[in-house]
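Here is the structure we will look at.
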Amino acid sequence: MTATVPGPAVRSQAARVGSATATAAVDRRRRRRVVLLYAGLGIALVVAALVAGGSGQLSIPVNEILGSIAHRLGLDVGPLPSHPRGEYTLWNVRFSRIAMAVIVGGSLAVAGAAMQGVFGNPLAEPSVVGVSSGAAVAAAVAIVFGLRFAGDWSIPVCAFVGGLVTTLLVYALSRSDGRTEVVTLVLTGIAVNAVAGALLALLMFVGDTQARESIVFWQLGSLNGSRWSYVVVVAPLALVGVVVALACARSLDLLSLGERSARHLGVNVERLRVVLIVVVALLTAAAVSFCGIVAFVGLVVPHLVRMVTGPGHRVLLIASFLAGALVLICADTVARTFVAYTDLPLGMLTSLVGGPFFFWLLRRTRRTAGGWA
Amino acid sequence: MTANAPALLAQDVTLSFGRRPVLDAVDLEVRRREVLALVGPNGAGKSTLLSVLAGDLAPDRGEVLLEGRPLADWRLREMSRRRAVLTQEHKISFPFPTVDVVRMGRAPWRGLPEEDHDEQVVAEAMATADIDHLAGQPFGLLSGGEKGRTSFARVLAQRTGVLLLDEPTAALDIGHQETVLAHARTQAAAGAAVVVVLHDLSLAAAWSDRVALLHHGRVTAEGAPREVFTAPLLSLVYDHPIDVLAHPGTGELLVLPDRRSLMSREETA
């Protein structure tokens, strides 16, 4: 501090102590909630992963799953899967699918939280505003025209570019005066989704039967056929996206004061915006590339987390990743076991739950904002 | 930093919004140990001038120097440790508790030795703004005045040598108006340079060392309140009959609208 900085406030010591204890109580309560949430989500994730690993057409008991993992780690404890195809199914079908669920769910939830922060609007979400469809269109182009310019990475690269272009477009169209109003955002989303839907339809029309099938599968969203080779491709995208988003967490907190005040507190708002738009596109691409459009995860998860831990972005982003992963593992397990011998579309399930939730949020936002502003 | 340079210096600042001129060749010096009040009628350019001083708006012509260096040469983070800005609007996108909003004022000091005093500085700022009891309340649910005081606390927590306050007394009750401005005085006495946009001319007369009277984007008059606040000048600038008198007890300057002409007109009607 320089010599010009003014001295301490003139106030009674008692008031200062009172404020300190009130503040300490707020912090204590919040810390307890955060610890409980992390612990709860961590345990739930492990349990959900074990249940998901064991259930399906070929049922594998938990002790055999644990035994199989132990053997892979070089520990000779517990039984191996008794079914002849058990080991193969576990490691080449189920675990890769669970890993994909973690990546997709976590990425979508973090993308949603980051998007809400940068738009200053709690209703922003990749599928609502059309970023997911934009990414899907670009990925569909790669499939229909058989683009292989980057090997296994071709589809994710296209999805990223599509997502980036759409995010920039939505951002430019829906903002005025540094904020996006709910109506503008939702209407922009409708327009973008409509155009993306038309382009997808066109691609289906020009594509051959196989391409057509792939596109339909995307619109529904599914983790079916998640192989390790796909996981290896999207994991780095998700990792980079999540790490960069976390690095921006504090600036996102300040941004909630509005762009002007954030600038006064030293945030380079323009740069933050660009970085986060790229992050959202990256995460959406990671989720969409192989699994299609899984809607509303980025909306529902951050909201539920905020209710528990408050809006601070550092905790919000971490907890959203964990909760998003958990939600998707559970949803996917339901999708593939609810009806025997059938893989229900995952995107359909999340929309079935997320749609009404979105509606409820919309009504609540209208009430608290005193209008559609 | 240059020791002799004024805290803030606006030179020949000119700015138009579209074809509407808002500021016209404004020169203004903001000195340390002084409260400077910007006054003037609606649309005179007070808030715009404050935005230019804060670096939010770049003028079409002229420039602003902070501690002798043009604003454009400052890094945002560095600047945020030198000057704090209280805006007129107090909004938030997410339901942060009040204490977290005040803590945001400490963001510029992250990673520096001053960070160690964060909690103490925040507690002091909250006590000064009288918002201790609101610590755990979500900022969005506070009343207008409470939001204003919370933002004021956030600005104080920033611990800067330059304070730019845009209508800090708006929506405050009379008691809190006095506390906020008294504290601005305390800051100035301790060495800070304070610029405050005010509508209440009696408040400006009571708490500022110097006033700048803006009219149509120009500084019409500048000086001690007693020199600037004269009935003929104010009546002209505000286009309304205004009386300036001394308080019978304390001799303080009171600026009041002269309602006699208005009332007699109504009586005759």
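For residue A:225, the criteria (1) within 23 Å of residue A:136 (Cβ to Cβ); (2) assigned to a helix (DSSP H, G or I) hold in every case but one, which is (2).
Helices (runs of 4 or more DSSP H) fully within the stretch A:248-323 that include at least 1 residues being farther than 20 Å from residue B:109 by Cβ and out of contact with any His (no Cβ under 9 Å at 6 or more places or on another chain): A:259-264, A:269-291, A:297-309.
Could you tell me whether any residue of the stretch B:63-74 is within 22 Å of the chain's Cα centre (by Cα), closer than 30 Å to residue B:221 by Cα and within 10 Å of chain A (Cβ to nearest Cβ)? Yes, the stretch B:63-74 contains a residue that is within 22 Å of the chain's Cα centre (by Cα), closer than 30 Å to residue B:221 by Cα and within 10 Å of chain A (Cβ to nearest Cβ). Checking each residue in the stretch A:269-286 for being β-branched (Val, Ile, Thr) and either more than 14 Å from chain B (Cβ to nearest Cβ) or buried (at least 20 other Cβ atoms within 10 Å of the Cβ) (or both) picks out A:274, A:275, A:277, A:278, A:279, A:280, A:284. So which residues in the stretch A:87-135 are in contact with a Lys or Arg (Cβ under 8 Å, 6 or more places away or on another chain) and not in a helix (DSSP H, G or I), if there are any at all? Passing the criteria: A:120, A:121.
Is it true that some residue in the stretch B:165-187 is closer than 21 Å to residue B:66 by Cα and either free of Cβ contacts under 8 Å to residues at least 12 places away in the same chain or facing another protein chain (nearest Cβ under 9 Å) (or both)? There is at least one residue in the stretch B:165-187 that is closer than 21 Å to residue B:66 by Cα and either free of Cβ contacts under 8 Å to residues at least 12 places away in the same chain or facing another protein chain (nearest Cβ under 9 Å) (or both). Just so you know, in the stretch B:188-222 the residues that are over 27 Å from residue B:232 (Cβ atoms) and surrounded by 19 or more Cβ atoms within 10 Å (Cβ to Cβ) include one that is nearest to the other protein chains (Cβ to nearest Cβ), and it is B:192. Counting only residues that are within 7 Å of chain A (Cβ to nearest Cβ) and either touching a helix residue (DSSP H, G or I) at 6+ places or on another chain (Cβ under 7 Å) or surrounded by 19 or more Cβ atoms within 10 Å (Cβ to Cβ) (or both), which one in the stretch B:106-115 is nearest to residue B:83 (Cα to Cα)? The residue in question is B:108.
The residue that is modelled with the lowest pLDDT, among those in the stretch B:85-99 that are crowded, with 22+ Cβ neighbours inside 10 Å and more than 7 Å from chain A (Cβ to nearest Cβ), is B:90. For the stretch A:209-265, a residue qualifies if it is touching a residue at least 12 places away in the same chain (Cβ under 8 Å) and farther than 29 Å from residue A:158 by Cα, and the qualifying residues are A:250, A:251, A:253, A:254, A:255, A:256, A:258, A:259, A:260.
Within the stretch B:80-100, how many residues are in contact with a Lys or Arg (Cβ under 9 Å, 6 or more places away or on another chain) and part of a strand (DSSP E or B)? So the answer is 4. Evaluation of residue B:145 against the conditions (1) out of contact with any strand residue (DSSP E or B) (no Cβ under 7 Å at 6 or more places or on another chain); (2) surrounded by fewer than 19 Cβ atoms within 10 Å (Cβ to Cβ); (3) assigned by TED's automatic domain parsing to the domain that holds residue B:45; (4) not in a loop (DSSP other than H, G, I, E, B) shows that the sole unmet condition is (3). Which residue, of A:130, A:112, A:120, A:163, is closer than 13 Å to residue A:199 by Cβ and under 18 Å from the mean Cα position of the chain (by Cα)? Of A:130, A:112, A:120, A:163, the one residue that is closer than 13 Å to residue A:199 by Cβ and under 18 Å from the mean Cα position of the chain (by Cα) is A:130. If the condition is being in contact with a strand residue (DSSP E or B) (Cβ under 6 Å, 6 or more places away or on another chain), farther than 22 Å from residue B:45 by Cα and free of Cβ contacts under 8 Å to residues at least 40 places away in the same chain, then the stretch B:217-255 contributes B:243, B:244, B:245, B:247.
Residue-level analysis places residue B:118 outside the set of residues that are over 23 Å from residue A:24 (Cβ atoms), surrounded by fewer than 17 Cβ atoms within 10 Å (Cβ to Cβ) and in contact (Cβ under 8 Å) with a residue 12 or more places away in the chain. The residues of the stretch A:215-226 that are farther than 12 Å from residue A:291 by Cβ and either of a type in the set (Lys, Arg) or surrounded by fewer than 17 Cβ atoms within 10 Å (Cβ to Cβ) (or both) amount to a single one, A:216.
I'd like the residue in the stretch A:251-268 that is within 19 Å of residue A:318 (Cα to Cα) and among the aliphatic types (A, V, I, L, M) and, out of all such residues, is nearest to the other protein chains (Cβ to nearest Cβ). Filtering first and then ranking leaves A:254.
Residues considered: A:155, A:98, A:143. Of these, the only one that is over 12 Å from residue A:280 (Cα atoms), surrounded by fewer than 22 Cβ atoms within 10 Å (Cβ to Cβ) and in contact (Cβ under 8 Å) with a residue 40 or more places away in the chain is A:143. In the condition set (1) buried (at least 19 other Cβ atoms within 10 Å of the Cβ); (2) within 14 Å of chain B (Cβ to nearest Cβ); (3) over 21 Å from the mean Cα position of the chain (by Cα), residue A:248 is compliant with all but (3). Would you mind stating whether residue A:138 is more than 27 Å from residue A:247 (Cα to Cα) and in a helix (DSSP H, G or I)? Judged against the criteria, residue A:138 is a match. Considering only the stretch A:200-222, how many residues are within 20 Å of the chain's Cα centre (by Cα) and in a loop (DSSP other than H, G, I, E, B)? So the count comes out to 2.
Within the stretch A:187-242, the residues that satisfy the criterion of being at pLDDT 85 or above and either charged (D, E, K, R) or in contact with a strand residue (DSSP E or B) (Cβ under 9 Å, 6 or more places away or on another chain) (or both) are A:188, A:208, A:212, A:227.
The values are calculated or read from the model by the stated rules, or taken from the named source; none is laboratory data. Predicted model, so just to flag it, every value in this text is computed and none were measured. Quick reminder, even Gly has a Cβ in these numbers, built from the backbone with ideal geometry, and neighbours come from all protein chains shown.
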